[in-house]
Amino acid sequence: MTDTVATPEEQVSLKTAAALRAAMIRLFEGRPQRTDGRLTKENLYKEAQVSRATMNRAHVILAEWDAHIAASGKTTPGEAKRDATIADLKKRLTAKTQDCTLLKKKLEAAHTAIAALYHDNEALRQQLDKDASTTVAPLRRRGPRQRR
């Protein structure tokens, strides 16, 4: 003979109800033993090691489950931490991407300036080569008496 809960809407044994409650607590605290820890009813009955049909007869426990999920959402503490880490990493990635874009623009500007200076330097060298072909007379040094 199995012990069943006295209320007509609760048609599961006390042992089954205890297993479901223990499984529910483990899932809510983020320390599952038999599932991946997601807060789903499928994980609840698997964690409690009962059938889905048996779980569905535990109306009071399912109402508690639904109330907790409605109040706190379907994320476990581990999932909430993971989501926060992902959000932080996305924020940092956005900042680094902006930094890289700014540095790339500065690099392109420096490249343009260097190219312009290179071409100016080449033009000045060509002009110097043309002017070198003309005769340049050296300046005489002034002697000691010629100084003013």
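The values are calculated or read from the model by the stated rules, or taken from the named source; none is laboratory data. Because the structure is a prediction, the values reported are computed rather than measured. Don't worry about glycine lacking a Cβ; one is built from the backbone with ideal geometry, like all the others, and counts go over all protein chains shown. The protein model used for the area step is the full one, side chains on, heavy atoms only, and it has no ligands, DNA or RNA in it. Shrake-Rupley method; radii C 1.70, N 1.55, O 1.52, S 1.80 Å.
In region 63-74, the residues that are without any contact (Cβ under 8 Å) to a residue 12 or more places away in the chain never reach a residue that is part of a helix (DSSP H, G or I) with C-beta atoms less than 6 angstrom apart, at least six apart or across chains. Selection of region 38-50 for residues being without any contact (Cβ under 8 Å) to a residue 40 or more places away in the chain and open to solvent by 60 Å² or more (accessible area, probe 1.4 Å) yields 41, 42, 46, 49. In region 51-78, the qualifying residues are those that are open to solvent by 30 Å² or more (accessible area, probe 1.4 Å) and among the hydroxyl-bearing types (Ser, Thr, Tyr), and the one that is modelled with the highest pLDDT is 51. Looking only at region 62-79, which residues are more than 18 Å from the chain's Cα centre (by Cα), of a type outside the set (Ser, Thr, Tyr) and farther than 26 Å from residue 51 by Cβ? 71, 73, listed by residue number. Inside region 15-37, can you point out the residues that are among the β-branched types (Val, Ile, Thr) and open to solvent by 80 Å² or more (accessible area, probe 1.4 Å)? 25 - this is the single residue of region 15-37 that is among the β-branched types (Val, Ile, Thr) and open to solvent by 80 Å² or more (accessible area, probe 1.4 Å).
Okay, residues lined up against (1) at pLDDT 95 or above; (2) open to solvent by less than 100 Å² (accessible area, probe 1.4 Å):
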site: 98; (1), (2): yes, no
site: 101; (1), (2): yes, yes
site: 106; (1), (2): yes, no
site: 116; (1), (2): yes, yes
site: 126; (1), (2): no, no
site: 142; (1), (2): no, no
